[in-house]
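No value in this document is a laboratory result; all are computed from the given coordinates. Quantities reported herein were computed from a predicted structural model and do not represent experimental measurements. Every residue, glycine among them, receives a Cβ derived from its backbone with ideal geometry; neighbour counts consider all protein chains shown.
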Amino acid sequence: MPNLKQFLKLTKTMNNTQQNQNNQISRSSKIFNHHLKTWQWASVLVVMAVIAAGVFTIPPDDSIQQTNYCQTESDCIWVCGCGCINKERKCEIPEGIMYDCYPGMEEKYSCSCLDNQCKTVKVDVPVQQITITTDKTEYEEKEDVKVVVNNNLDIPLYIYDCDPLELVKAEDNSHVRGGLECLPNLILGIKPQELKNLVKPLSYYSELKGKFKIKLFTYPGCDETVNNWQHRPKQACGEPKTVYSNEFRIKIGKISDLDLAQEVLIKYFSLLNEGKYSEAVKYHGSGYDYIQPSCPKIDLSNYAGLLECGCNFLVCENINIAKKEQVSPNEFVFTVQFVYEDGSLVKSYPYCCGEEPPEGEANIPKTEFEYRVEKVSADFFVITPLLYVP
């Protein structure tokens, strides 16, 4: 039998073994709990990331019947009267509202799922694909202007059935008073890729002379079944698009040489004022010798450069015509006023630069100046030198 000393030693060894086992179990429990918490937090982060990415979205409390909620593009459809809605939703139109719809009408809309809502996006219609072309570039007074409207779109468009072509001035697209008086109740449809021949009568206008264009309002996306203007819904057509034709001239009988000379004089100073010196050279007939000495670095053969330099110290403002006269078959005299951008007139004082007028004489400024235009063959030239005002 073991003695007391051996027994105590054996007991101590057993106690140490039990303690080691308990410590090991405790460490394993802590490691397990740590991994458990880590896994739980990781799961939370994954769910939050998925929600943020839009992969998983918590649907709204309202039912699909009451909302346009969607998750994918296939959840949305376009319905005439309601627009882009969830495919499970019933389209309810209030009583008394009329909607004219036609097959394929939804093709001109983009029905998309945006921010988990079915939303309508209108198709952008390129205006440049709708063109108007006149049959001539010059017309007599009261003559009919024949035009071709080309609908080069993939969708139909509508125009007014009553006098759809508007006459406007070429320089600023402003409306010309006159035309046929009627009510535009009906709409004339033009199918995709169709050419439509229309006529603009000039007999309803008076005293037309100059350059003009044809203006046309078009409504892309309509169809011939949508023929009631008063009840046509906004969804039935796209936004109106304005299209302009090429420029053309309307003349009253034969344009006189005096009027042509006036046009050249006005255009000459307009080109100089706008800085279009190369174009102004075509009407400049006063030579360049009086400009070149003040612009010694510019070669005498550089006409546009000399005009540009000359306009730094000579008067190149727009003009008003005060008087005009044809003094010979090929020469025309005009009294003009030069107008600054603020509307004030250019003034030239007989006494300036410190010079005082004689006693009893007033220093009255001059605001009207004489300019001459000469006709050579069929062309017109401004032969009076550019004005210098000290």
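Ranked by the mean number of other Cβ atoms within 10 Å per residue, highest first, peptides 274-287, 360-373 order as 274-287, 360-373. Between Glu247 and Val281, the C-beta separation translates, for a Förster distance of 35 Å, into a calculated FRET efficiency of about 0.95. Structure note, pairs Lys324/Lys366; Lys169/Lys347; Lys200/Lys324; Lys251/Lys282; Lys136/Lys267; Lys119/Lys213: Cα-Cα distances above 28 angstrom occur for Lys169/Lys347; Lys200/Lys324; Lys119/Lys213.
For Gly210, the residues 5 or more places off, or on other chains, whose built amide H falls under 5 Å of its own are Ile250.
With a Förster radius of 30 Å, plug the Cβ-Cβ distance of Ser344 and Val168 into 1/(1 + (r/R0)^6) and report the FRET value to the nearest 0.05. That pair, Ser344 with Val168, gives E of 0.45.
A full extension of the chain between Leu300 and Glu207 corresponds to an added length of 29.0 nm, given 0.36 nm per residue minus the alpha carbon distance. Across the range 297-390, the relative contact order, built from alpha-carbon pairs under 8 Å that are at least six residues apart, equals 26 percent.
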